Amino acid sequence: MRFMSRLFIVLSLIAALFVMGCGEAAKAPAAPAKAAEAASVADMAKAAKVELVKFDEVNKIVGNGVYDKTRGTLIDARPAKVFAASHIPTAFLLSDTAIAEYWPAFEKLGLAKDAYIVTYCGGVKCEKSLIVAKHLKEQGYTNVKMYLDGMPDWQTKNYGEITIDTAKKFFDNGKAVFIDARPAKIFAKGSIPGSISIPDTEWATAKVNLPADKEALYIPYCGGFKCEKSHFVAEQMFKLGYKNVQVYAGGVPEWQAAGYPLAPAGKVAAPAEAPKAAAPAATGGLPQGDEPGIISTAYFMSTVADPAKRPADVTIVDVRNANELTDGVFPGSINISSKETANGCPAFTAKLPKTGYVIFHCASGGRAMEVYDFLKDTCKLPDMSRFYFLDAYVNCSGGKCTAK
């Protein structure tokens with residue numbers, strides 16, 4: 001009897017242990033730890049101790065449009081071609097991918113190590129301004145901040161500025177209205193041919209001479225980089241609802257020094273060189289924008305962005321960095337970061353489709369253009385007619401992307 005009692009106790013203990021074990025095994029496995037979200041550029045700036053500023057602060061630096069280092073210095077970290085097309089007034093170029101090239105010009109500004117400097121690029125997902133800001137800090141500059149919202153934010157709130165190359169391009173193709181903001185008497189002596197006279201000091205009465213079309217491109221100019229007249233007119237035009245106003249800050253002195261034509265008011269002068277014809281769309285290629293290699297944004301959004309409409313021989317290559325993809329991508333696109341161009345031509349081109357059309361895109365067009373130029377100028381690919389880049393701002397949120 002004792003033996004049976006002991007046996008019962010032992011069996012009971014074994015059964016209890018078995019049940020406990022099963023109970024533990026039956027518990028649902030712990031949920032896997034949620035993958036850490038990729039750090040945003042804002043987070044990376046905070047980690048690097050680079051303070052962010054907003055539009056109003058940048059607008060104070062711009063002031064009257066004439067550079068004054070006592071207000072601060074704006075640094076554009078985008079590629080040179082993008083800077084030339086439109087930048088924040090008074091800004092200087094210090095492209096993140098060519099810092100060594102532009103550094104001597106930056107040093108000529110003679111800024112003190114505690115000078116107020118603000119970098120910017122193509123918006124909240126663009127790292128270029130952070131790269132340049134960190135470089136400046138490494139060089140001993142102690143008061144460096146970032147305008148993270150960058151050019152996409154600025155262009156919705158104020159006018160832009162262009163270089164002489166961009167001004168000449170629009171003069172040649174006739175796609176802009178030039179506005180001379182100097183006094184009428186000076187305008188009458190000689191101005192950029194085809195210009196209209198809107199003196200800043202006569203704005204109240206002269207503004208009635210502005211064309212009615214508020215969607216067209218307008219280029220105010222005056223007496224050079226230290227002349228604020230064109231900036232005043234541009235700002236007033238923007239306030240009136242003119243959406244595409246770009247000051248040509250070099251104005252008449254730079255234009256004349258380059259050998260480009262001036263004409264008395266009411267007369268037309270022959271261009272110093274024959275106007276360049278607009279680039280035709282590549283035969284058998286995709287619809288392009290203003291220049292060879294640029295894909296039409298309208299075509300991209302209406303046809304390419306939707307995988308159901310996308311031609312079978314078209315591949316979208318997203319050249320953004322991995323941390324930028326979390327908010328969304330164009331369906332069916334592949335990701336090859338622009339940073340991989342540092343591995344050289346063979347390694348980079350090996351990842352590209354061997355046939356069909358390839359369209360590069362990033363967040364604002366700059367890096368996509370750099371990849372396109374890398375293939376054309378560095379790799380010297382013989383079949384560049386297959387490659388395009390999207391020169392537009394791409395906004396991704398909620399898993400979806402749009403471009404404009």
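For segment 358-383, a residue qualifies if it is in contact with a Pro (Cβ under 9 Å, 6 or more places away or on another chain) and either aromatic (Phe, Trp, Tyr) or at pLDDT 95 or above (or both), and exactly one does: CYS379.
Among the residues of segment 247-300, the ones that are out of contact with any His (no Cβ under 9 Å at 6 or more places or on another chain) and either in the same structural domain as PHE170 (by TED's automatic domain parsing) or modelled with pLDDT of 90 or more (or both) come to 22 in all. Only one of (1) in contact (Cβ under 8 Å) with a residue 12 or more places away in the chain; (2) closer than 27 Å to TRP103 by Cβ fails for GLN139. Which number is that? Here GLN139 clears every test but (1). Looking across segment 172-204, just one residue is surrounded by fewer than 17 Cβ atoms within 10 Å (Cβ to Cβ), in a loop (DSSP other than H, G, I, E, B) and in contact with a Phe, Trp or Tyr (Cβ under 9 Å, 6 or more places away or on another chain), and that is GLY194.
Given the criteria over 18 Å from VAL394 (Cα atoms), without any contact (Cβ under 8 Å) to a residue 40 or more places away in the chain and surrounded by 14 or more Cβ atoms within 10 Å (Cβ to Cβ), does PRO331 qualify? It is false that PRO331 is over 18 Å from VAL394 (Cα atoms), without any contact (Cβ under 8 Å) to a residue 40 or more places away in the chain and surrounded by 14 or more Cβ atoms within 10 Å (Cβ to Cβ).
Counted as qualifying within segment 292-399 are the strands (runs of 3 or more DSSP E) with 1 or more residues that are acidic (Asp, Glu), namely 314-318.
The values are calculated or read from the model by the stated rules, or taken from the named source; none is laboratory data. Since we're looking at a predicted model, the values are computed, not measured. All Cβ positions, even for glycine, are placed from backbone atoms using ideal geometry, and neighbour counts span all protein chains on display.
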